[in-house]
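Before any comments, here is the structure.
The values are calculated or read from the model by the stated rules, or taken from the named source; none is laboratory data. Every value quoted in this text rests on a predicted model; they were computed, and no experiment measured them. Note: ideal-geometry Cβ built from the backbone for every residue, glycine included; neighbour counts use all protein chains shown.
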């Protein structure tokens, strides 16, 4: 396969920030690492497409259902509400996103990507991370769609990123793999990727 040429692109002001200001327990969180980057690339189409990368709040929060505390016991200053959903701010997810997430996105062309669920479709790439002599599996779930409002643009949305305590599910471990360039091309052409 030939070398992929990737060119950074300026992002429009309306998409320039990930999230409003976030405070956890009174401490401001810097989320500028989640400001959306964009790049131009020819994924085998004969011409460039722009790929806008967006990060969801799931990269730094978890669901109320997954919190060990009853919802009434979660302090108000740990709740994140973007008007669409209420979630619990998660210090571990926040720190991991600051340390790893942007580099993982920048390296998608050279990473192994697994079909997490071909029905949605969504995909996952994994990073082995270590601390204190232990290794954990940091999973980054993403989807790619054609932008309905702009021609020749794809939107890559990082849906979630967190440590998988129990590794991948059996289905995910056996799922098909896809090269990022192929994923972009298939999405642009409206073709499905099967596991």
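Each residue in the range 129-142 was checked for being touching a strand residue (DSSP E or B) at 6+ places or on another chain (Cβ under 6 Å) and surrounded by fewer than 19 Cβ atoms within 10 Å (Cβ to Cβ), and 4 pass. In this structure, residue 163 qualifies as under 24 Å from residue 66 (Cα atoms), at pLDDT 90 or above and in contact with a strand residue (DSSP E or B) (Cβ under 6 Å, 6 or more places away or on another chain).
The condition of being assigned to a loop (DSSP other than H, G, I, E, B), under 18 Å from the mean Cα position of the chain (by Cα) and surrounded by fewer than 20 Cβ atoms within 10 Å (Cβ to Cβ) holds for residue 120. Please determine, by comparing only the residues of the range 8-36 that are assigned to a helix (DSSP H, G or I) and over 13 Å from residue 55 (Cβ atoms), which one is modelled with the highest pLDDT. Filtering first and then ranking leaves 14.
Go through the residues of the range 69-77 one by one and say whether even a single one is touching a helix residue (DSSP H, G or I) at 6+ places or on another chain (Cβ under 8 Å), over 19 Å from residue 164 (Cα atoms) and at pLDDT 95 or above. There is at least one residue in the range 69-77 that is touching a helix residue (DSSP H, G or I) at 6+ places or on another chain (Cβ under 8 Å), over 19 Å from residue 164 (Cα atoms) and at pLDDT 95 or above.
Pick from the range 153-167 the residues that are free of Cβ contacts under 8 Å to residues at least 40 places away in the same chain and over 21 Å from residue 103 (Cα atoms): which of them is surrounded by the most Cβ atoms within 10 Å (Cβ to Cβ)? This residue is 167. When residue 45 is tested against (1) in contact with a strand residue (DSSP E or B) (Cβ under 6 Å, 6 or more places away or on another chain); (2) within 26 Å of residue 153 (Cα to Cα), just one condition goes unmet, and that condition is (1).
Within the range 87-98, being touching a helix residue (DSSP H, G or I) at 6+ places or on another chain (Cβ under 9 Å) and either modelled with pLDDT under 95 or in a helix (DSSP H, G or I) (or both) holds for 93, 94, 96, 97, 98.
Of the residues making up the range 45-78, those that are in a strand (DSSP E or B) and over 26 Å from residue 139 (Cα atoms) number 1. You will find that of 146, 185, 150, the residue that is surrounded by 12 or more Cβ atoms within 10 Å (Cβ to Cβ) and touching a strand residue (DSSP E or B) at 6+ places or on another chain (Cβ under 7 Å) is 146 and no other.
Only a single item in (1) under 16 Å from residue 49 (Cα atoms); (2) touching a residue at least 12 places away in the same chain (Cβ under 8 Å); (3) part of a loop (DSSP other than H, G, I, E, B) is not met by residue 148, and it is number (2).
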